[in-house]
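Read the structure below first, then the notes.
The values are calculated or read from the model by the stated rules, or taken from the named source; none is laboratory data. The structure presented is a predicted model; accordingly, all values stated were derived computationally and were not measured. Methodologically, a virtual Cβ is constructed for each residue, glycine included, from the backbone with ideal geometry; neighbour enumeration extends over all protein chains shown. Note: areas computed on protein heavy atoms with side chains; ligands, DNA, RNA excluded. Shrake-Rupley method; radii C 1.70, N 1.55, O 1.52, S 1.80 Å.
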Amino acid sequence: MLEELTKIWGVSGREKRVANYIIDQITNYADEIKKDAMGNLIALKKGNGGNKKKIMTAAHMDEIGLCVVKIMENGLLLVKNVGGVSPYISFMNRVQFANGVVGCVACKEKIQKVEPNEINKLYIDIGAKDKAEAEQYIQVGDCAMFLGEYTKLLGNNVMSKAFDDRSACFIQIETMKEMKTPYHDVYFVFTVQEEVGLFGSTTSAEGIQPDLGIAIDITGAFDIPGDEFGNPVLGGGAAIKINDASVICDEALTQDLIDCGKKNNINYQLDALPAGGTDAGAITKSGAGVKVLGISIPTRYGHSPNSIINLADVEACIKLLTKFLEMPLNIVTEEIIK
């Protein structure tokens, strides 16, 4: 299933195919399933505890890509980025449009002269002889995803495009299948448009009004030359978020998550990021404020067609999320001082 999820075309704002696939996987495991106006997929698993609260978990369905802004007279396609796209990583990679048309990303000048934000110097070549032929297949506003085949590597590692964040979608699906009846009501949300500004989690959190939010996403694997300023490593287990540039996770509940890992012999590692963010950053600011947590999958070469994750880390995330959601957590939402 993880391989199938990564293959699906689903650039930000165009996640319908991913959502339809997920619906097929979770229909027998949810008490309620709905889509909101933005396209967020929300699956409720009802709890049976006394004084139960609402827990929202979030994994985003969208992936980064490129969007056509102009079709040139020679048939080449000028593009802008959809999400955090690097021109260096994009250069000479293949992309695919929703209708199946494939092209190659090239550059107007030597890539060495391009600055990190100069996506406007890239173009897509689909092989069209001129504008008229290109317009038979592509129009302005069409988006393309990067092609990156799911490939098994050594050491229980796998490589693919779109592990950000289809690996987390997989974790949520498997958690829904494996978990017993939860204590609290759990809303498994598969969000849209995370890569362009956390838009889906912003609106879905406002709709659900959770008492606790848990974002499932990737994090860095800081075990490669030149990228060592961080703690998680490939194969080290689930990464429990302490903070990042967008959020500081609830201290008490983070400790509960750590204790859950210890009690159930689940490999985990702690994650304090100097930059970046996840859906937790939007959830925590919703309503009057929400306690949040983060569980992440250590990933090498994120936001590229060749991201690498470790399958044991994915299994650790599934087990940690499952066991944690089965606990009768003490979620304090308001404290009266006087």
key: Answer from GLY100, GLY83 - the residue that is among the small types (Gly, Ala, Ser) and open to solvent by 30 Å² or more (accessible area, probe 1.4 Å)   = GLY100
ask   = Quick one: what pairs do we get from segment 117-135, first residue charged (D, E, K, R), second open to solvent by less than 40 Å² (accessible area, probe 1.4 Å) and in a helix (DSSP H, G or I), C-beta under 9 Å, 6+ apart or different chains?
value = GLU118/PRO87; LYS121/PRO87; LYS121/ILE111
remark   = Residue hits (segment 28-48; open to solvent by 30 Å² or more (accessible area, probe 1.4 Å) and part of a strand (DSSP E or B)) are GLU32, ILE33, LYS34, LYS35
remark   = Selection over segment 265-285 where residues are in a helix (DSSP H, G or I) and within 13 Å of ILE218 (Cα to Cα) yields a count of 1
task = Collect the residues in segment 234-264 that are more than 20 Å from ASP211 (Cβ to Cβ), among the small types (Gly, Ala, Ser) and outside any loop (DSSP other than H, G, I, E, B), keeping them in residue-number order.
result = ALA238, ALA239, GLY261
query = Got at least one residue in segment 304-321 being at pLDDT below 95 and either polar (S, T, N, Q) or surrounded by 18 or more Cβ atoms within 10 Å (Cβ to Cβ) (or both)?
reply = no
ask   = Which one is farthest from PHE324 (Cα to Cα), of the residues in segment 244-278 that are in contact with a helix residue (DSSP H, G or I) (Cβ under 8 Å, 6 or more places away or on another chain) and of a type in the set (Ser, Thr, Tyr)?
value = SER246
